1. Multiply the residue gap between Ala93 and Ile520 by 0.36 nm, knock off their C-alpha separation, and tell me the result in nm, one decimal place.
2. Just to be sure I understand the curve: with the Debye formula and one point per C-alpha of the stretch 421-527, what is log10 I(q)/I(0) at q = 0.16, 0.18, 0.19, 0.21 Å⁻¹?
3. Could you report the stretch 235-311's accessible area per residue, 1.4 Å probe, as an integer in Å²?
4. Pull out a ≥ b ≥ c, the square roots of the eigenvalues of the alpha-carbon gyration tensor of the stretch 375-448, then state rounded if a/c is under 1.5, prolate if not and a/b is larger than b/c, and oblate in the remaining case.
5. In percent, how large is the relative contact order of the stretch 5-83, given Cα pairs closer than 8 Å and 6 or more residues apart?
6. Taking 0.36 nm per residue of separation and subtracting the Cα-Cα distance, what length does fully extending Ala504 through Val17 add?
7. DSSP loop GluC sites (Glu not before Pro) in the stretch 441-527 with at most 12 other Cβ atoms within 10 Å of their Cβ, which ones?
8. Given the convex hull over the Cα atoms of the stretch 242-315, what projected area results after averaging over all orientations, in nm²?
Amino acid sequence: AMVDPESGLSLTIARIVQRLQGSSLHSQLERQARVSLHKPEIKLESLKEDIKDFLKTSGWEKKLQNAVYSELNVFPSPCHPAAPPEHMKEPLAYMRKAQGSWEKRILKSLNSMCTELSIPLAQKRPVSEQKELLNKWNEMGTDEPDLSLFRPVYAPKDFLEVLMNLRNPNYENGEQPSFRNHLGLIQVPLKVKDIPELKEDFSELDLNVGQLGIDDSAQVPPEFFENEHVRVGQKVLAEQDSAAAQQYVRQGCPTALRADLWALILNISNQPEDILYYEQLKSNVIQHDLLVDSLIYKDVKLTASNDDYYFVFEDYLYQVLLCFSRDTSVLEHFTYSSATPPKSYIRGKLGIEEYAVFYPPNVLSKLNSFILAVAPLCFLYHEPSKLYQIFREMYVRFFFRLHSISSHPSGIVSLCLLFETLLQTHLPQLFYHLREIGAQPLRISFKWMVRAFSGYLATDQLLLLWDRILGYNSLEILAVLAAAVFAFRAVNLMEVTSLAAAEAVLADLSTLKVMPLLQIFLFATVT
């Protein structure tokens, strides 16, 4: 149920006020206002206005604006006040049901692993083990535990199978109007954008707009654009305005400014209380042993040892992911997504100490994807608590959508459908050819999108792509890039006669340049 704009706005304002009321920003603002009372420029007869002016000139108003902007970016547009809470998570009942049964399936797989290996989901670590872990916190990579018995909870292709089997029960036997001619693997009628709409949304990527990540633009010599862009970027940082930073990065981030610009967009400032929060998560890791810790170890070992890039960050990866698996603040975020966190119980000696530990679904979904999401951030942030906060914010804004079933335009179901629709519409010959030989394109591109291309593109290119995810507050660009890669390799793909051969043509994306591919596909494709 949609609400009229007027009451929608007041609902949004009420919700943001409620969200900010308990925040540390709220108490800091109150403290500042109290401090200002002792200043000579504050007069009793114009108290309210004077305090407002003081908060403006001292930079606190800007901090409040950024916090409001951040809330607006993360939370969905308001539902009707009478709508049940689950509609806020996901309006379509069949999507909620599918997400629920997928979560049950993962939990069952975890529980059966516990039974098989006769280890609990969670237990307290003995003191000696706690000390040992504390001592080697910064070099966990040197550990070689035997993890041969642990198996991944699921692989991307299992998840794809689930998405392929989604159906809208309101349409009997596949008679979905306008949708009958969709010949891809995804069979749910969600509205996705066409190229003209995407061009409008991504207008800053146009061929005649300066871009970082384009070597030879006919319009502007790249070094001229770069120098000017760096100057503007420094100004944006000096202004400390999240909305301006988000607009700015649509044309790419200069390498030297990226870490600060992303932190500004995500409204992460690494305050003392944030550092303390990270330390609390760390002490939770040290005190409790979760089954998932072993899965994290195994996945990090596999990923890092197979990738020279990420090998150097192995210790960071453990720290961030182990802390993430304990982070209950991620749970409140699930009020707004179709996912619900499963519970597990820590078994005490006499059952007296028994208390629930939420197993965040972040840990249940394929860990490998998280490792690949943290790793590129290690290039930008070297301070563990800041790296942790940036990752957590990227997760609750973007990455969780790649692992849960929903009808959201940035959700994985919509991305798959957008990818297939773009190919079927703009490269029909290629699409039909691959379909005929049993190489449905989505079977190849799914893993790229689920991992936001991490582990597939060269790091500098990946960061240019993620600049745009942050800039547009949307993951749709992943589907556009996936289609652009097929377009780029179309000539070779037209010659293959099997899925294996098609996969071989697309096996190595590490030499691709993201921005030219996106520009050519969006702005040079005849529509």
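1. 149.9 nm
2. -0.68, -0.87, -0.96, -1.17
3. Ligands and nucleic acids excluded, the figure is 43 Å² per residue.
4. Details: a/c = 3.70, a/b = 2.40, b/c = 1.54.
Prolate, because a/c is 1.5 or more and a/b exceeds b/c.
5. Once normalised by length, the contact order is 42 percent.
6. Values: separation 487, 0.36 × 487 = 175.32 nm, distance 5.28 nm.
Full extension of this stretch gives 170.0 nm more.
7. Details: sites: Glu476, Glu495, Glu503; in loops: Glu495.
When the GluC sites (Glu not before Pro) of the stretch 441-527 are filtered for loop state and at most 12 Cβ neighbours within 10 Å, Glu495 remain.
8. Dividing the Cα hull surface by four gives the mean projection, 7.3 nm².
The values are calculated or read from the model by the stated rules, or taken from the named source; none is laboratory data. Note that the coordinates shown come from a computational prediction; the quantities given were computed from them, not determined experimentally. As a convention, Cβ positions derive from the backbone with ideal geometry for all residues, glycine included, and neighbour counts pool all protein chains shown. Ligands, DNA and RNA are stripped out before the accessible areas are found, and what is left, the full protein with its side chains, is counted by its heavy atoms. Shrake-Rupley method; radii C 1.70, N 1.55, O 1.52, S 1.80 Å.
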